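Quick note: the coordinates plus some simple rules give every number you see, no bench work behind them. Since the model is a prediction, treat every value here as computed from it, not as a measurement. Heads up, the Cβs are rebuilt from the backbone with ideal geometry, glycines too, and the neighbour counts pull from every protein chain shown.
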Amino acid sequence: MKITVLMENTKGIGREAFPCVCEHGLSLYIEWGDRSLLSDAGASEAFLNNAGHLGVDLSRVEAVFLSHGHYDHGGGLEAFAHRYPDIPIFMQASALGHFCRLQEGRERYIGLSEQTAGLPSLRLLDGTFRLDSEVSVFVREEESQEERGTEDRGLLVRDQGGLRPDAFYHEQYLVLEEGAKKVLISGCAHNGIATIMKEFRRRFGCDPDAVISGFHLRSKNGYNESKRQLIRSMAAELAKYESCYYTGHCTDETAIEIMGEVLGERLQPFRCADVLLI
Ligand SMILES: [Fe+2]
Ligand SMILES: [Fe+2]
C-alpha cells in the first residue's frame with residue numbers, strides 16, 4: 001500500500017524541491033492494487049495542486065472519506081466536489097455540526113463550510129459503515145472516551161442545547177484491508193488514539209499493521225514533566241499493540257520525540273509530500 005501525503009502542516013525532509021503549498025491541514029492519497037481513495041481534503045483547495053506536483057491523478061479516486069467535521073480536514077471538499085462531481089464523499093452526518101473553539105474568550109468556528117452540506121456527491125453516514133471487503137469505517141462507542149489528547153477540552157459544538165464539549169461522535173476511523181494487512185487511518189484521533197486502538201482490536205480481533213494519524217498532541221507553552229509523563233504513558237499504551245505508527249499534522253515535534261523514546265522506530269513522522277510504503 002502506498003500513501004502520499006497531499007497536505008500536512010510542513011514539508012518533508014528531502015521533499016523541499018516539490019513546489020507544494022503547506023497549510024494546517026491533512027489529506028492522504030492511498031493506493032493499493034488497482035484501487036485508490038482519498039482520506040481528508042486539507043483546509044483549502046491547495047491539496048489539489050499538490051496532487052498535481054506529486055504526480056497523483058485524483059480522477060482515479062473511488063471515494064473520499066472525511067475523518068471528522070473540522071475545517072482543516074474538510075476545507076477542500078467543495079473544490080474537490082466541483083472538479084470531480086461523480087466521486088462520492090463519505091462522512092458522518094454529524095460532521096456537518098457547528099464546531100468551534102474558544103480563543104481568547106471568543107468563539108471561533110472550526111467546522112465545515114455551509115456549502116459542503118449541499119454537495120450532491122455527499123454520502124452521509126450514521127455510524128459504522130462497510131463499503132466492501134477492503135474498505136470500512138467505524139466510530140467511537142459510547143462511554144469509551146477515557147483517554148484523550150492534551151488539548152481537547154477547548155473543542156466545542158453548538159447545538160439546540162447550547163455550547164458544550166464536543167464528544168466527537170462525528171469522528172470516523174478508516175480501515176483498509178489488503179489481504180491480511182490492515183491499515184487504520186484516524187485523522188486527528190480526537191477521541192484518543194489508545195481508545196481507538198482498543199476499539200479496533202475489539203471489532204477486528206487483531207491489531208492494525210500500521211496506524212496513520214495525528215495524535216492531537218501540541219503545546220504552545222512547551223512540555224513540563226507531567227505533560228511529558230502523560231505522553232510517555234500514552235506511547236507505552238500504544239507499544240502494547242503489534243502496530244507501527246505514522247504521525248504528523250497535530251502531533252508536534254516535541255511530542256513525536258517524547259513518544260519516540262518509548263516507541264523507537266515503530267513511530268515515524270510524516271510530512272507534506274512524503275510517500276509511505278506500508
Ligand atoms: Fe480536528
Ligand atoms: Fe486536524
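Give me the distance in nm between label points sitting 7 Å out from Cα along the Cα-to-Cβ direction at residue 202 and residue 124, one decimal.
Distance between label points: 2.7 nm.
Counting only the backbone N, which residues of segment 83-98 are under 15 Å from the spot 7 Å out from the Cα of residue 59 toward its beta-carbon?
83-87
As a test of the formula, what do you get for the chain when each DSSP H run with n ≥ 4 contributes -39,500 (n - 2.57) and the sum is divided by the residue count, at 222 nm and rounded to the nearest 500 deg cm²/dmol?
Rounded to the nearest 500, it is -6000 deg cm²/dmol.
In a shell of Cβ-Cβ distance under 14 Å around residue 7, excluding residue 7 itself, what net charge do Lys and Arg (+1) and Asp and Glu (-1) give?
Local net charge: -3.
Evaluate the distance, in nm, between pseudo-label points positioned 7 Å from the Cα of residue 159 and of residue 133 along their respective Cα→Cβ axes.
Reported label-point gap for residue 159 and residue 133 is 3.7 nm.
By count of other Cβ within 10 Å, fewest leading, how are 184, 163 ordered?
Arranged by neighbour count, lowest to highest, 184, 163 become 163, 184.
Under 19 Å Cα to Cα from residue 198, which lysines show up? Leave out anything in the same chain fewer than 8 places away.
Straight-distance partners of residue 198: 181, 182, 240.
How far apart, in nm, are the 7 Å Cα→Cβ label points at residue 242 and residue 24?
Modelled inter-label distance: 3.9 nm.
What does DSSP give for segment 2-277 in terms of the percent of beta bridges that are antiparallel, rounded to the nearest 5?
Once the DSSP bridges in segment 2-277 are tallied, antiparallel ones form about 65 percent.
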